[in-house]
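First comes the structure, then the notes that go with it.
The values are calculated or read from the model by the stated rules, or taken from the named source; none is laboratory data. Not measured: the values here are computed from a predicted model. Note that each Cβ is placed from the backbone with ideal geometry, even for glycine, and that neighbours are counted across all protein chains shown. When the accessible area is computed, the model is the full protein with side chains, heavy atoms only, and any ligands, DNA or RNA have been set aside. Shrake-Rupley method; radii C 1.70, N 1.55, O 1.52, S 1.80 Å.
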Amino acid sequence: TPPGFNAANLFVGNLPTSGDADAANAREQARRGRTVADVARGLPGVVSVGLSKTDPFATAASDHLYSRWLAPAGFDGRVLAVNAGFFSTLGTPIVEGRAFSDADVDQQALVAIVNEAAARTLWPNQSLTSIIGRTVTTSEGRPYAVVGVAADRRMTLDLEPDPAIFLPLSASEAYFPWSVWNDFDVILRVAPERIPDGTLLSDRLSRQPWKVPNVWPAEFESVAANLASARETPRVLAAIFGALAGITLVLTTIAIYGLARIEIR
């Protein structure tokens with residue numbers, strides 16, 4: 001089953017920013033995110049950069065707790081605030097409509113993207129084309145117009161993809177005054193056989209007044225390696241059951257052959 005994104009040469013890491021007086025200012029946080037993306041693009045080997053307020057590859061149910069503050073009433077899924085480069089960096093197709101633009105983020109546009117699973121959940125039996133232009137209303141009461149439908153993403157083969165709603169990184173609902181600090185998950189697409197330098201990224205961002213001081217360098221994990229690990233158990237089970245099925249087929253063939261010999265005699 002395709003994961004819904006291109007894991008090759010894709011890395012993800014977490015970068016905290018300070019919980020200062022502007023920690024809950026959505027426009028300021030989006031500006032900081034733009035700075036993070038610009039600096040990350042300057043790293044050796046980096047091809048493109050995506051940002052998310054929460055880990056887009058998380059599989060734990062506890063990760064849904066964050067999204068419930070933003071989700072429409074009764075929506076059981078994830079809500080992620082992302083930048084304009086998120087979908088192109090992941091290689092996740094927009095199957096209907098369009099992706100976010102930089103203007104959407106800069107201007108705090110009330111636009112949203114849903115994945116196919118969310119489209120099926122929110123508007124069952126409706127075509128994806130008819131969903132463009134409909135609205136989703138967050139827990140804060142703001143209506144967001146759907147401008148695109150993204151392909152489902154999944155890290156495991158044994159779970160159905162989570163319904164997901166994506167908002168611009170500048171969405172006010174994504175930042176909370178009670179947060180100790182805010183952080184970004186940074187997704188990097190790099191050139192083949194390159195590994196992003198998290199130490200260099202942290203060093204370059206340490207000059208920013210909002211960078212959390214004395215925090216360990218950013219560490220980036222290979223999404224391809226995590227994907228292989230997440231799919232290892234289903235693959236092992238498939239191999240085991242495949243082997244058992246083969247043995248069963250051989251025994252059945254022997255039994256049919258023996259029965260046929262008896263009937264012929």
(request) Mind giving me the nanometre distance, one decimal, between the label points for T156 and D102, set 7 Å out from Cα along Cα→Cβ? (result) 3.9 nm
(request) Kindly provide the helix-only [θ] at 222 nm of the chain, computed as the sum of -39,500 (n - 2.57) over DSSP H runs of four or more divided by all residues, to the nearest 500 deg cm²/dmol? (result) -10000 deg cm²/dmol
(message) Please return the longest range in the chain lying between exposed loop sites, taking chymotrypsin sites (Phe, Trp or Tyr not before Pro), DSSP loop only, at most 14 other beta-carbon atoms within 10 Å, and leaving the sites out.
(response) 70-177
(request) Return the distance in nm (one decimal) between the two label points of a simple spin-label model at T35 and F176, each offset 7 Å from Cα along Cα→Cβ. (result) 2.5 nm
(message) Out of the total accessible area of the chain (probe 1.4 Å, heavy atoms of protein only), what percent is carbon and sulfur?
(response) 57 percent
(request) Read phi for every residue in the stretch 26-36 and hand back ³J(HN,Hα) as whole Hz from Karplus 6.51 cos²θ - 1.76 cosθ + 1.60, θ = phi - 60°, with x for Gly and Pro. (result) 5, 5, 5, 5, 5, 5, 5, x, 4, 5, 4
(request) Quote to one decimal, in nm, the extra length available between L251 and N6 on full extension: 0.36 nm per residue of separation minus the C-alpha distance between them. (result) 84.0 nm
(message) Between the stretch 98-152 and the stretch 6-37, how far is it from one alpha carbon centroid to the other, in angstrom?
(response) 22 Å
(message) Given the chain, report the % of alpha carbon pairs whose separation exceeds 30 Å.
(response) 36 percent
(request) Compute the signed sum of charges (Lys and Arg +1, Asp and Glu -1) over the other residues within less than 12 Å, Cβ to Cβ, of A151. (result) -1
(request) Work out, step by step, the length gained on full extension between A225 and V47: first 0.36 nm times the residue separation, then minus their alpha carbon distance; give nm to one decimal. (result) 62.2 nm
(request) Might you report the magnitude of the Cβ-based charge dipole of the chain about its Cα centre, with Lys and Arg at +1 and Asp and Glu at -1, to the nearest 20 debye? (result) 420 debye
(message) Counting heavy atoms of the protein chains only and a 1.4 Å probe, report the per residue accessible area for the stretch 1-159 as a whole number of Å².
(response) 42 Å²
(request) Among N14, S130, A99, flag the residue with its Cα farthest along the positive direction of the charge dipole of the chain, charges on Cβ as +1 for Lys/Arg and -1 for Asp/Glu. (result) S130
(request) For L200, tell me the accessible area in Å² from a 1.4 Å probe, rounded to the nearest 10. (result) 50 Å²
